[in-house]
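The values are calculated or read from the model by the stated rules, or taken from the named source; none is laboratory data. Note that the structure is predicted; figures quoted are calculated from it, not measured. Positions of Cβ are backbone-derived with ideal geometry, glycine not excepted, and every protein chain shown enters the neighbour counts. To get the accessible areas, we keep the full protein, side chains included, count just its heavy atoms, and leave off ligands, DNA and RNA. Shrake-Rupley method; radii C 1.70, N 1.55, O 1.52, S 1.80 Å.
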Amino acid sequence: MENIKQSTDLATAIRERRAVKKGYNNKPVTEETVMELLEDASWAPTHGMRQPWRFIFVGPEEKEAFAEKVAATYPEERQENRRQYLSEPTAFLVVVMDEPDNQKQWDENFGATACMIQNFWLLAWEQKLGVVWKTNPHIYDPAVKEILNVEENEKIAGFLHLGYFDEAPVKKDRLPVQEKFTKFKA
């Protein structure tokens with residue numbers, strides 16, 4: 001079967017976007033830039049217009065104190081490792097999601113939040129602002145929730161590690177869709 005699909009800017013961005021885990025340069029990530037990206041990213045699909053997310057920005061000035069507080073929630077023998085790990089990004093965007101009791105709404109909220117994060121990631125990629133969505137064990141720690149003033153009915157969906165980059169990470173191929181595709185047979 002011949003591939004007749006024409007590439008669009010959006011399709012190119014989706015295929016070229018990468019998780020930037022390290023190799024950040026010294027350009028600061030500003031609150032203004034993050035707010036501008038979120039203004040567009042928040043147009044993600046959201047069931048019932050719940051918009052179940054909120055954001056906590058940790059800028060370059062607060063990063064060291066933030067890393068220290070989060071690292072302190074780990075056992076003493078792991079704290080230095082976590083401190084160093086959290087010092088790599090230039091900034092963080094902590095994404096917090098409303099956590100309803102209703103499982104259907106919980107699933108819808110997580111789906112909407114994931115869509116919003118993908119929107120943010122693609123928009124950041126256009127500006128050579130690297131993003132990686134991290135779900136390290138500390139996002140589940142009640143002490144970290146307390147540090148960030150996360151309410152009982154909220155979940156930390158993840159820490160987005162942010163930093164500008166000069167060189168994009170190597171592209172890794174995806175499995176062919178045919179390997180993941182089946183057809184319902186009545």
*asked:* With θ taken as phi - 60° and the coefficients 6.51, -1.76 and 1.60, list the Karplus ³J(HN,Hα) couplings across region 65-81 in order, rounded to whole Hz; mark glycine and proline as x.
replied: 5, 4, 4, 4, 5, 5, 4, 5, 7, 8, x, 3, 5, 10, 4, 5, 4
*Using only Cα atoms, what Kirkwood radius does the chain have, in angstroms?*
18.2
*Full-stretch length increase - residue 54, residue 33 - with 0.36 nm per residue and alpha-carbon distance subtracted*: 5.9 nm
*Starting from the Cα of residue 174, step 7 Å along the direction of its Cβ; do the same at residue 26; then give the gap between the two resulting points in nm.*
3.8
*Scan the chain and hand back the longest stretch that contains none of the chymotrypsin sites (Phe, Trp or Tyr not before Pro) lying in DSSP loops with at most 15 other Cβ atoms within 10 Å.*
44-180
*Give me the angle, in degrees from 0 to 90, between the Cα long axis of helix 103-126 and the longest principal axis of the Cα atoms of the chain, rounded to the nearest 10.*
90
*If you place +1 on the Cβ of every Lys and Arg, -1 on the Cβ of every Asp and Glu, and leave all else neutral, what size is the dipole of the chain about its Cα centre, to the nearest 20 Debye?*
1000
*Could you work out the longest stretch of the chain that avoids the GluC sites (Glu not before Pro) located in DSSP loops with at most 16 other Cβ atoms within 10 Å?*
63-150
*Bin all alpha-carbon pair distances of region 22-125 at 5 Å intervals from 0 and give each bin's fraction as a whole percent.*
2, 12, 18, 18, 16, 15, 12, 6, 1, 0
*Give me the percent of the accessible area of region 13-108 that comes from carbon and sulfur atoms, probe 1.4 Å, all protein chains in place.*
48
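Is there a pair in 63/145; 21/180; 22/180; 104/128; 63/134 whose C-alpha atoms are over 25 Å apart, and which pairs would that be?
Values: 63/145 17 Å; 21/180 27 Å; 22/180 31 Å; 104/128 36 Å; 63/134 16 Å.
Going by Cα-Cα distance, 21/180; 22/180; 104/128 fall outside the 25 Å limit.
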*Remind me, what semi-axes does region 88-186 give for its equivalent ellipsoid, largest first in whole Å, using sqrt of 5 times each Cα gyration tensor eigenvalue?*
27, 25, 11
